[in-house]
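Q: Below: one structure in structure tokens.
The values are calculated or read from the model by the stated rules, or taken from the named source; none is laboratory data. Note that the structure is a prediction, hence the values are computed from the model and not measured. Cβ atoms come from the backbone with ideal geometry, glycine included; neighbour counts cover every protein chain shown.
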Amino acid sequence: MDIALVGSINIDLVYRVPYIVNNGETLHSVSHSVHFGGKGANQAVTASQLGADVHFIGKVGEDEFGEHAIKNLQDKGVSVDSVRKEGATGQAIIQVTDVGDNAIVLFSGANFLVTPKQIEQEATIISLSKVLLLQLEIPLDTVERAVEIASQHGKIVILNPAPSQKLPNSLLKNITFLTPNETELAQLTGIETTTEENIRSACSLLLDKGVGTVVVTLGSKGSFYMNRKESGWVQALSVDTIDTTGAGDAFNGALAVGLCRGDSLRSSIEFATKVAAYVVTQMGAQPLIPDSIME
């Protein structure tokens, strides 16, 4: 199999608003919709639609949301044999403005019931993959155990450090590709990422901690990548943005596919940029991706 994905599965409750609600304010939504989400599921669906064989390791709740979420993954071609049921399915309450900005309240639910023991029981899945793709919407000790197993088998490890939290050096040294956004990079390193010089300094700090390559997503400013051999910028594509929810997840899923195919780092980032640009022109974090994106 190409990609083993350890991560989160949510149901997204999306509310269209004129602006992000302020503290103490009641704001009327102009519309409401329900979508499938969770960083792990978003990335898995993207990668599967782009041709990867994706095996998901995670949890949903023992509820109707969980049943729907599993069926959605199956319908999108993702293997769900290692998705278990416990508790309540994770949910995200998302505000989306007319210009595509968003704010998210996350209920972790079953995602925080994914344990290191479950990962150990699925170690064969990780050992047979080319790439292990993870995020931080599951417990950190679970992420650490999955990365340890992947590292022992010499696998490519991609960690999307979102939502941001402090990461131990013992984890960072086993990360092949770390993919923070601008805010997450600042939080990980303590360096304000307001200038190119600062971004380079922050990436250098992570490389010093053992990370193989840092790929920083910068929204409309594109992305910056850096390792011990090369660095560079990839320009963002100009599109009519409708909903930025899931853009980073689409980027990570597509990046994993590019690296699985053996594409160069820069080519993989350019491909991921193209996929993410399409996703922001659609509502929801898991839109159908047309075959033309692969061309």
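Q: Can you tell me how many residues within segment 284-295 are surrounded by 16 or more Cβ atoms within 10 Å (Cβ to Cβ) and either touching a strand residue (DSSP E or B) at 6+ places or on another chain (Cβ under 7 Å) or among the charged types (D, E, K, R) (or both)?
A: Qualifying residue count for the region: 3.
Q: Which numbered condition trips up ASN22, out of (1) touching a residue at least 24 places away in the same chain (Cβ under 8 Å); (2) farther than 13 Å from THR89 by Cα; (3) not in a strand (DSSP E or B)?
A: It fails just one condition, (1).
Q: Could you run through segment 26-77 and say how many residues are among the aliphatic types (A, V, I, L, M), touching a helix residue (DSSP H, G or I) at 6+ places or on another chain (Cβ under 7 Å) and not in a helix (DSSP H, G or I)?
A: Here the count works out to 5.
Q: Against the definition (touching a residue at least 24 places away in the same chain (Cβ under 8 Å), of a type outside the set (Lys, Arg), surrounded by fewer than 23 Cβ atoms within 10 Å (Cβ to Cβ) and in a helix (DSSP H, G or I)), how does GLU148 come out, yes or no?
A: For GLU148, the condition - touching a residue at least 24 places away in the same chain (Cβ under 8 Å), of a type outside the set (Lys, Arg), surrounded by fewer than 23 Cβ atoms within 10 Å (Cβ to Cβ) and in a helix (DSSP H, G or I) - is met.
Q: With (1) surrounded by fewer than 23 Cβ atoms within 10 Å (Cβ to Cβ); (2) in a loop (DSSP other than H, G, I, E, B); (3) of a type in the set (Ser, Thr, Tyr) as the list, and TYR225 as the residue in question, which single condition is left unmet?
A: With respect to (1) surrounded by fewer than 23 Cβ atoms within 10 Å (Cβ to Cβ); (2) in a loop (DSSP other than H, G, I, E, B); (3) of a type in the set (Ser, Thr, Tyr), TYR225 is out only on (2).
Q: Could you say which residue among THR241, THR193 is modelled with pLDDT under 95, farther than 25 Å from SER48 by Cα and not in a helix (DSSP H, G or I)?
A: The conditions single out THR193.
Q: Scan segment 195-222 and report the pairs whose first residue is in contact (Cβ under 8 Å) with a residue 40 or more places away in the chain and closer than 21 Å to SER151 by Cα and whose second residue is of a type in the set (S, T, N, Q) and surrounded by fewer than 17 Cβ atoms within 10 Å (Cβ to Cβ), with Cβ atoms within less than 8 Å and a gap of 6+ or a chain change.
A: From segment 195-222, the pairs are LYS209/ASN169; GLY210/ASN169; THR213/ASN227.
Q: For segment 263-280, which residues satisfy the criterion of being assigned to a loop (DSSP other than H, G, I, E, B) and surrounded by 15 or more Cβ atoms within 10 Å (Cβ to Cβ)?
A: Within segment 263-280, ASP263, VAL280 qualify.
Q: When residues of segment 109-145 are filtered for being closer than 17 Å to LEU159 by Cα, acidic (Asp, Glu) and outside any loop (DSSP other than H, G, I, E, B), how many remain?
A: 2
Q: While we're on this one: Within the set of pairs 6+ apart or on separate chains, which have a first residue in segment 129-145 that is farther than 12 Å from GLN165 by Cα and small (Gly, Ala, Ser), a second that is surrounded by fewer than 23 Cβ atoms within 10 Å (Cβ to Cβ) and at pLDDT below 95, and C-beta atoms under 7 Å apart?
A: SER129/MET1; SER129/ASP2
Q: Moving on to the next point. Look through segment 236-262, keep the residues that are without any contact (Cβ under 8 Å) to a residue 24 or more places away in the chain and closer than 15 Å to THR176 by Cα, and return whichever of them is surrounded by the most Cβ atoms within 10 Å (Cβ to Cβ).
A: GLY258
Q: Given LYS117, LYS155, which one is at pLDDT 95 or above, of a type outside the set (Gly, Ala, Ser) and surrounded by 17 or more Cβ atoms within 10 Å (Cβ to Cβ)?
A: The match here is LYS155.
Q: Show the residue pairs meeting these rules: Cβ distance below 6 Å; 6+ apart or different chains; first residue within segment 44-73 and closer than 15 Å to ILE289 by Cβ and crowded, with 23+ Cβ neighbours inside 10 Å; second residue aliphatic (A, V, I, L, M) and at pLDDT below 95.
A: From residues that are closer than 15 Å to ILE289 by Cβ and crowded, with 23+ Cβ neighbours inside 10 Å, the pairs are GLN49/ILE289.
Q: Can you find a residue that is farther than 30 Å from LEU128 by Cβ, polar (S, T, N, Q), assigned to a loop (DSSP other than H, G, I, E, B) and out of contact with any strand residue (DSSP E or B) (no Cβ under 7 Å at 6 or more places or on another chain) anywhere in segment 173-189?
A: no
Q: Pick from segment 78-90 the residues that are in contact with a Leu (Cβ under 8 Å, 6 or more places away or on another chain) and either in a strand (DSSP E or B) or polar (S, T, N, Q) (or both): which of them is surrounded by the most Cβ atoms within 10 Å (Cβ to Cβ)?
A: Across segment 78-90, the extreme among qualifying residues is GLY90.
Q: Just checking, which of ILE104, ILE93 is within 30 Å of ARG16 (Cβ to Cβ), surrounded by fewer than 16 Cβ atoms within 10 Å (Cβ to Cβ) and in contact with a Phe, Trp or Tyr (Cβ under 8 Å, 6 or more places away or on another chain)?
A: Step by step, each of ILE104, ILE93 is checked, and only ILE93 is within 30 Å of ARG16 (Cβ to Cβ), surrounded by fewer than 16 Cβ atoms within 10 Å (Cβ to Cβ) and in contact with a Phe, Trp or Tyr (Cβ under 8 Å, 6 or more places away or on another chain).
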